[in-house]
Ligand SMILES: [Zn+2]
């Protein structure tokens, strides 16, 4: 603006020389500018003795003063505008860096809504996680129960298996024990039979006063077998049973034949073979009238039955009807050959109490025949024939035993090693 001045500074040395910031006379009021007293003292142009400028000069001065006032006004306006601009800039800046309450509330509302959404998402996620956790816990618990059940079942199976193994071991031990028992018992019986044989040899040689009675019961087990065993057990009497599974003698009774076979054996008696069928009839029997093969089969069947039920193989055979009867129907060589092939010796009897169906004696007769026959022949070793299906025989036997003992006899079981096997002949029949 100052550059718009048309006049040069040479005409206004005081103006151009005035330093910035010093008071500008252009700002003075027109009254002050027009005061003649004041201007007289300082303005040399107004000194009275000085020649007044001409009219052009006064006009230029007037224009200069008007210009000065205009410039002053413009400067004032510019200053005002500058202030206003600065104020506007400050206000705008403030507005720019600050929030209005509305903006703040809106922003808070947005943030609150966002926070609520985040919280909702978190809550949903937590619920989802909780559900998943619960499901996993349930699965784990279920797995645990199943595992527990499986473990219990496994434990029970193991316990059962152990029990079965223990039972199996016990059974094996028992089987071995029984096998040993059989072997040992067979050996003991051999030893026992050998001792009896040595006693027999002494008796036959006259070196002992002891006499032996081999009382035998044929055709059983029968109706009186159990009672006879009771008596024998109570009185230390040992006898010999020539058994026949199908002997059809009257009085056989409904008895447990295998159990009786075992008891006969267990009590130390001798259990031997008297054929399976016992059919020795000359007309219809299968022992002697149907050939040697039939006879052999009937011996074999009885042999098998005794071994199965007692554990001992029998080795003494008694012919149903006696050997003499058999030899009349089948040659003796064939019969003895068949018996030998099956591991048998045979024996008859020395005394017969004749307690058969035809005579059917009472107990007194049985007793009398037993004791009288022994007394008559007075053998050092006697074999007596009777039948354990006959009740009269049972009572006669109980009476005869003490009487025969009084004659110096002891009652022993008959084994195949016995001297009597090869030296007994039928004396009474
Ligand atoms: Zn018989």
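The values are calculated or read from the model by the stated rules, or taken from the named source; none is laboratory data. In this text the structure is predicted, and so the values were computed from the model without any measurement. Virtual Cβ from ideal backbone geometry, glycine too; neighbours counted across all protein chains shown.
Could you check the stretch 385-417 and list, in sequence order, the residues that are closer than 11 Å to residue 212 by Cα and in contact (Cβ under 8 Å) with a residue 24 or more places away in the chain? Even if it seems obvious, please write down each step before you answer.
Taking the stretch 385-417 first, the residues closer than 11 Å to residue 212 by Cα are 404-405, 407-414.
Selection gives 404, 407, 408, 409, 410, 411, 412, 413, 414.
Do we find a residue being over 50 Å from the mean Cα position of the chain (by Cα), assigned to a loop (DSSP other than H, G, I, E, B) and within 15 Å of the ligand (Cβ to nearest atom) anywhere in the stretch 210-219?
Here is the first cut: in the stretch 210-219, the residues over 50 Å from the mean Cα position of the chain (by Cα) are 210-219.
Right, trim to assigned to a loop (DSSP other than H, G, I, E, B) and you get 210, 219.
Adding the requirement that they be within 15 Å of the ligand (Cβ to nearest atom) leaves 219.
Yes, the conditions are met somewhere in the stretch 210-219.
Per-residue answers, yes or no, for (1) in the same structural domain as residue 312 (by TED's automatic domain parsing); (2) under 24 Å from residue 395 (Cβ atoms); (3) away from the ligand (no atom under 16 Å from the Cβ); (4) not in a loop (DSSP other than H, G, I, E, B):
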residue	(1), (2), (3), (4)
203	no, no, yes, yes
246	yes, no, no, no
254	yes, yes, yes, no
268	yes, yes, yes, no
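Could you tell me whether residue 207 is within 19 Å of residue 266 (Cα to Cα) and loosely packed, with under 11 Cβ neighbours inside 10 Å? It would help to see each step written out before you state the result.
Numbers: within 19 Å of residue 266 (Cα to Cα): no; loosely packed, with under 11 Cβ neighbours inside 10 Å: yes.
Here the answer is no, as residue 207 does not meet what is asked.
Residues being at pLDDT below 95 and over 19 Å from residue 320 (Cβ atoms): count how many of those fall in the stretch 235-257.
Qualifying residue count for the region: 4.
Mind listing whichever residues of the stretch 374-423 are assigned to a loop (DSSP other than H, G, I, E, B), touching a strand residue (DSSP E or B) at 6+ places or on another chain (Cβ under 7 Å) and within 16 Å of the ligand (Cβ to nearest atom)?
Across the stretch 374-423, the qualifying residues are 388, 414.
If the requirement is being without any contact (Cβ under 8 Å) to a residue 40 or more places away in the chain, farther than 30 Å from residue 262 by Cβ and in a helix (DSSP H, G or I), which of these qualifies: 137, 174? Walk me through it before giving the result.
Working: 174 fails: farther than 30 Å from residue 262 by Cβ.
Testing whether each residue is without any contact (Cβ under 8 Å) to a residue 40 or more places away in the chain, farther than 30 Å from residue 262 by Cβ and in a helix (DSSP H, G or I) leaves just 137.
Against the definition (over 29 Å from residue 407 (Cβ atoms) and in the same structural domain as residue 216 (by TED's automatic domain parsing)), how does residue 380 come out, yes or no? Spell out the reasoning first.
Numbers: over 29 Å from residue 407 (Cβ atoms): no; in the same structural domain as residue 216 (by TED's automatic domain parsing): yes.
Spelling it out, it is not the case that residue 380 is over 29 Å from residue 407 (Cβ atoms) and in the same structural domain as residue 216 (by TED's automatic domain parsing).
Can you tell me which residue is surrounded by the fewest Cβ atoms within 10 Å (Cβ to Cβ) among those in the stretch 220-244 that are assigned to a loop (DSSP other than H, G, I, E, B) and within 11 Å of the ligand (Cβ to nearest atom)?
Keep residues of the stretch 220-244 that are assigned to a loop (DSSP other than H, G, I, E, B), which gives 220-224, 236-239, 244.
After this cut, where a residue has to be within 11 Å of the ligand (Cβ to nearest atom) as well, the list is 220, 222, 244.
Values: 220: 30, 222: 29, 244: 27.
Ranking the candidates gives 244 first.
Could you please give the count of residues in the stretch 273-325 that are surrounded by fewer than 20 Cβ atoms within 10 Å (Cβ to Cβ) and within 13 Å of the ligand (Cβ to nearest atom)?
Number of matching residues: 5.
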